[in-house]
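One structure below.
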Amino acid sequence: MEIDWEPFRKIVESNQRFVLSSHVRPDADAIGSELGMLGMLEQLGKDVRIINPSALVSNRKFLDPNDRVRCLADSDVSDEDVLNTDVHIVLDTSAWGQLGQVGKLLKKSSAKKVVIDHHVSSDDLGAIEFKDSTSDSTGSLVFQLADVLEVSIVPEVATALFCAIATDTGWFRFPSTSSRTLRTVADLIDFGATPHLIYQQLYEQSSLPRVQLTARVLERVAVECEGKLAHTFVKWSDFVETKAHPSDTEDLVNECLKIAGTECAFIAVELQNKQVKFSFRSRVMRNVAEIAEQFGGGGHKQASGALLNAPLSDARDKVLDTFREALK
């Protein structure tokens with residue numbers, strides 16, 4: 001599915017101030033896409049700010065040495081910083097529920113709104129959408145814009161976009177990986193991305209608390225539905241006792257899919273505000289986005305998520321019942 005980028009090029013040409021935002025708990029595709037977009041727009045002399053609803057987690061800070069990725073909760077970031085712009089670009093999501101407090105400001109903003117995304121699930125954000133649900137990542141879509149905007153890809157942008165694509169394809173293991181994916185990352189290496197250093201920063205900097213939390217999560221893995229479903233959970237007290245951070249649960253759901261015979265998996269993570277964050281994963285034949293959407297979430301067919309306002313045990317029971325019905 002090819003995107004017609006000409007309307008986007010015209011928006012960039014006719015406007016000067018841009019605010020970039022992504023979803024709560026932004027992953028590497030979100031952060032990499034934002035930083036890639038920022039680098040391209042600044043080459044064109046545009047005024048650009050990145051303001052997200054959630055802070056950047058520690059293992060991605062190497063992508064942002066100049067502290068350009070800001071959070072609405074930062075003491076020196078105000079609502080006006082979000083509202084005072086010509087164009088607001090939302091990357092890697094098109095769902096109100098994923099935009100947190102930034103979304104509330106976006107609803108009353110008079111700025112032109114743009115969405116660049118590759119997810120299936122979608123809300124009407126009142127934006128001009130540039131979406132391709134067949135793309136391996138939002139980072140790959142931003143990569144296309146270098147030619148559209150006639151800008152060069154400097155090493156910092158190459159690193160950000162490589163990180164976006166590599167992580168959202170599971171380091172090129174997921175079915176979304178195509179020959180085009182590999183040609184894109186080959187170009188990014190030529191432009192200055194260094195894969196082994198990026199991998200080290202992302203995956204070989206774990207803290208002892210993260211390792212201890214992982215041990216608890218793996219110990220709780222359960223399998224049911226004749227081995228088709230594997231799941232586990234994290235209580236808020238686990239974070240308190242191990243001194244781990246909620247972001248340390250990232251990718252742990254994938255451990256469940258390593259069990260032979262599994263088709264679907266999920267992890268339930270109790271947050272400090274007592275909401276429960278679910279991450280869903282599946283093999284190719286199962287669409288977990290449909291399950292996520294039943295709980296107000298969304299995402300990809302093989303990787304989705306949702307946030308439930310219920311006690312951990314009740315939330316897990318609701319999700320388990322839904323999976324049991326789907327896997328009959």
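Coordinate-derived values only; no laboratory data. Fair warning: this is a prediction, and the values are worked out from it, not measured in the lab. Cβ coordinates were reconstructed from backbone atoms using ideal geometry, including for glycine residues, and neighbour counts include every protein chain displayed.
Of the GluC sites (Glu not before Pro) found in the range 1-76, those in coil by DSSP whose Cβ has at most 11 other Cβ atoms within 10 Å are Glu2. Projecting the Cα positions of Asn254, Leu35, Val223 onto the charge dipole of the chain (unit charges on Cβ atoms of Lys, Arg, Asp and Glu, taken about the Cα centre) puts Val223 furthest along the positive direction. Take the chain, compute every pairwise Cα distance, and split them into 10 Å bins from 0; I just need the percent in each bin. That works out to 6, 26, 35, 24, 8, 1, in percent per bin. With contacts taken as Cα pairs under 8 Å and at least 6 residues apart, the chain reaches a relative contact order of 13 percent. A full extension of the chain between Ser14 and Asn84 corresponds to an added length of 23.6 nm, given 0.36 nm per residue minus the alpha carbon distance.
Placing +1 on each Lys and Arg Cβ and -1 on each Asp and Glu Cβ, with no other charges, gives the chain a dipole about its Cα centre of roughly 700 debye. Helix-only arithmetic for the chain: the sum of -39500 (n - 2.57) across DSSP H runs with n ≥ 4, divided by the residue total, places the mean residue ellipticity at 222 nm at -11000 deg cm²/dmol.
Rounded to the nearest 20, the Cβ-based charge dipole of the range 208-326 about its Cα centre (Lys and Arg +1, Asp and Glu -1) stands at 160 debye.
Between amide H atoms placed 1.01 Å from N, distances below 5 Å from Val115 occur with Val90, Ile128, Glu129, Phe130, all of them 5 or more places distant or on a separate chain. Pairs exceeding a 30 Å alpha-carbon distance, out of Lys131/Lys274; Lys113/Lys235; Lys104/Lys131; Lys10/Lys277; Lys61/Lys243; Lys46/Lys108: Lys131/Lys274; Lys113/Lys235; Lys10/Lys277.
Once the Cα-Cα distance is subtracted from the 0.36 nm per residue extended length, the Lys104 to Ser207 segment shows a gain of 33.6 nm. Of all beta bridges that DSSP places with both ends in the range 208-326, some 75 percent have antiparallel geometry.
Taking label positions 7 Å along the Cα-Cβ direction at both Asp124 and Ser75, the computed distance is 4.3 nm, reported to one decimal. The calculated FRET efficiency for Ala186 paired with Val148, based on their beta-carbon distance and R0 = 30 Å, is about 0.90.
Towards the positive end of the charge dipole of the chain, with charges on Cβ (+1 Lys, Arg; -1 Asp, Glu), say which of Val115, Ala306, Ala160 has the farthest Cα. Comparing the listed Cα positions along the dipole, Ala306 ranks first. Local charge for Ser110 was computed over the other residues whose Cβ lies under 14 Å away, with Lys and Arg +1 and Asp and Glu -1, and equals +2.
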